[in-house]
Amino acid sequence: MSVIEIYGENRFPEHTKVREACRGIVIKSGKILLSYEVKSDQYFIPGGGVESSESLEECAVREISEETGFLTKCADGFLTINEYYEEWLFISHYFVCNIIGETERKLTKREAEAGLTPVFIPFKEALEVFS
């Protein structure tokens with residue numbers, strides 16, 4: 001898995017807080033699955049924080065199902081991004097995942113209030129969104 005290090009100008013000499021998360025890259029019919037927040041008009045790669053009892057792959061699968069309603073299986077680890085801002089180190093692990101079924105979505109209160117919705121968009125559009 002490749003690793004990218006991003007150092008914010010506001011980073012402290014040492015980080016004292018860490019947040020680790022996993023995200024899933026899901027492709028279907030030439031489109032990528034994203035989570036879209038209606039209220040903020042923002043797109044995200046589905047994912048979220050690692051819970052203490054789960055592996056990185058389990059986290060990615062759980063977060064994708066909770067946000068989108070799709071059951072997935074991790075096919076491959078793709079990328080890890082370490083971001084350093086102030087006293088924080090944010091670690092994001094990205095996995096390529098395949099859809100194997102569907103389930104009920106389990107949104108947090110904040111996600112529901114934001115209107116979080118799963119959408120498939122063409123790659124070209126996703127590149128424009130994230131550029």
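The values are calculated or read from the model by the stated rules, or taken from the named source; none is laboratory data. Please read all numbers here as calculations on a predicted model, not as lab measurements. Neighbour counts run over all protein chains shown; Cβ positions are idealised from the backbone, glycine included. Accessible surface areas use protein heavy atoms only, side chains included; no ligands, DNA or RNA. Shrake-Rupley method; radii C 1.70, N 1.55, O 1.52, S 1.80 Å.
The 3J(HN,Hα) values that the Karplus relation (6.51, -1.76, 1.60; θ = phi - 60°) gives for region 97-113 are, in residue order, 10, 10, 6, 10, x, 9, 8, 6, 6, 10, 7, 6, 4, 4, 5, 5, 5 Hz. Gly and Pro appear as x. Counting only protein heavy atoms and using a 1.4 Å probe, the accessible area of Ile4 comes to about 70 Å².
What pairs in Lys17/Lys109; Lys31/Lys124; Lys39/Lys106; Lys73/Lys106; Lys28/Lys73 have C-alpha atoms more than 20 Å from each other? Before the final figure, lay out each step's value.
On the way: Lys17/Lys109 25 Å; Lys31/Lys124 9 Å; Lys39/Lys106 18 Å; Lys73/Lys106 18 Å; Lys28/Lys73 14 Å.
Table pairs above 20 Å Cα-Cα are Lys17/Lys109.
Loop exposure criterion: GluC sites (Glu not before Pro), DSSP state outside H, G, I, E and B, at most 16 other Cβ atoms within 10 Å. Applied to the chain, the longest stretch between such sites is 15-50. Calculated mean residue ellipticity at 222 nm for the chain: -6000 deg cm²/dmol, from DSSP H runs with n ≥ 4 weighted as -39500 (n - 2.57), summed, divided by the residue count and rounded to 500. Placing +1 on the Cβ of every Lys and Arg and -1 on the Cβ of every Asp and Glu, with nothing else charged, gives the chain a dipole about its Cα centre of roughly 380 debye. A 1.4 Å probe run over the protein chains yields, for region 1-86, 58 Å² of accessible area per residue, whole-number rounding. Our Cα-only numbers for the chain put the radius of gyration and Dmax at 15.1, 45 Å.
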